[in-house]
Amino acid sequence: MTSLHTLIQTLDDWMQADSFKDYAPNGLQVEGREDVHKVALGVTASADVIEQAIAWGADALLVHHGYFWKNEASTLTGMKGRRVRALFENQLSLIAYHLPLDCHPEFGNNKTLLDQLALPGGVPIEGEGGLLWSVPLNGQFTLDQLAAQVGSRLDRMPLVIESSRAPTSPNRLVVCTGGAQDYLSKAQFYGADVYLSGEISERTTHEARELGVHYIAAGHHATERYGVQALGAKIQSQLGLEVAFFDDHNPA
């Protein structure tokens, strides 16, 4: 057992939350009971994940996608009101880390995705704060083989946009998980001939073809399942708390 205050202080220190200018508050978003024995983990604080956490008896829910995003309605009504009411009624704290969990060099989404894909040698690109990672491939895979490995490791076949201007066996992969399709031109700037992220937009297809960079859209949810689990493992080993990951399948 630990106190909620100690848990948040520890997580904020690990995640260096104050060093990020983010789209939502990082750290404690909804305060529940003071004593924490069990921490539920999820990608997004959806109603389904909250229900699973409550059924398991969690004291806190730690996610990548929490609430109170910039430009969203600030009122606790409708869907968000029902979610927050469930948290309060069950004294379940909500803790969320967005960009800090994308970028962390030990258990960030980019780092843990590359671990899951069994792609060694990945490093954060200098000057990007951990948001973009570069991996030397040196032609060891064809694009089709790389896509097949992504599909096998993530249990979700990616959407692949092939560029006739890029080599069939790519030499450098750049990765940014989640909804980072608009960093494709940055990936090209850093020498990528294949770029992997989560989502795809209509414009992405044309950009990939014209910039000479293959694009692999592997799913926003699918690419961001692993950071929060790695962070949970650290909580378990360092603080002795019980943790469990609850998935809410999302094909996007």
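Where residues in the range 142-153 are surrounded by 18 or more Cβ atoms within 10 Å (Cβ to Cβ) and not small (Gly, Ala, Ser), which of them is farthest from PRO251 (Cα to Cα)? Within the range 142-153, the match that is farthest from PRO251 (Cα to Cα) is LEU143.
Of LEU154, LEU173, all but one fail to be among the aliphatic types (A, V, I, L, M) and within 28 Å of SER19 (Cβ to Cβ); the exception is LEU173.
Can you go through ALA45, ALA40, ALA96, ALA17 and tell me which one is at pLDDT below 95, within 18 Å of the chain's Cα centre (by Cα) and buried (at least 19 other Cβ atoms within 10 Å of the Cβ)? It would help to see each step written out before you state the result.
Details: ALA45 fails: at pLDDT below 95; ALA40 fails: at pLDDT below 95; ALA96 fails: at pLDDT below 95.
Result of the check over ALA45, ALA40, ALA96, ALA17: ALA17.
When GLY191 is tested against (1) in a loop (DSSP other than H, G, I, E, B); (2) at negative phi; (3) not aromatic (Phe, Trp, Tyr), exactly one condition is not met: (2). Mind checking which residues of the range 200-252 are surrounded by fewer than 19 Cβ atoms within 10 Å (Cβ to Cβ), assigned to a loop (DSSP other than H, G, I, E, B) and of a type outside the set (Ser, Thr, Tyr)? Result: GLY212, GLY240, LEU241, ASP247, ASP248, HIS249, ASN250, PRO251, ALA252. Residues that are surrounded by fewer than 15 Cβ atoms within 10 Å (Cβ to Cβ) and either touching a strand residue (DSSP E or B) at 6+ places or on another chain (Cβ under 7 Å) or closer than 17 Å to GLY191 by Cα (or both) do occur in the range 103-111.
In the set (1) farther than 19 Å from HIS249 by Cα; (2) exposed (fewer than 14 other Cβ atoms within 10 Å of the Cβ); (3) at pLDDT 95 or above, ASN71 fails one condition alone, (3).
Listed conditions (1) crowded, with 16+ Cβ neighbours inside 10 Å; (2) under 30 Å from LEU11 (Cβ atoms); (3) not aromatic (Phe, Trp, Tyr) are all met by GLU126, apart from (1). Which one is nearest to TYR67 (Cα to Cα) among residues in the range 3-14 that are buried (at least 18 other Cβ atoms within 10 Å of the Cβ) and in contact with a Ser or Thr (Cβ under 9 Å, 6 or more places away or on another chain)? Among those residues, the one meeting the criterion is ILE8.
The values are calculated or read from the model by the stated rules, or taken from the named source; none is laboratory data. Every value quoted in this text rests on a predicted model; they were computed, and no experiment measured them. Here the Cβ is made from the backbone with ideal geometry for all residues, glycine too, and neighbour counts use every protein chain on show.
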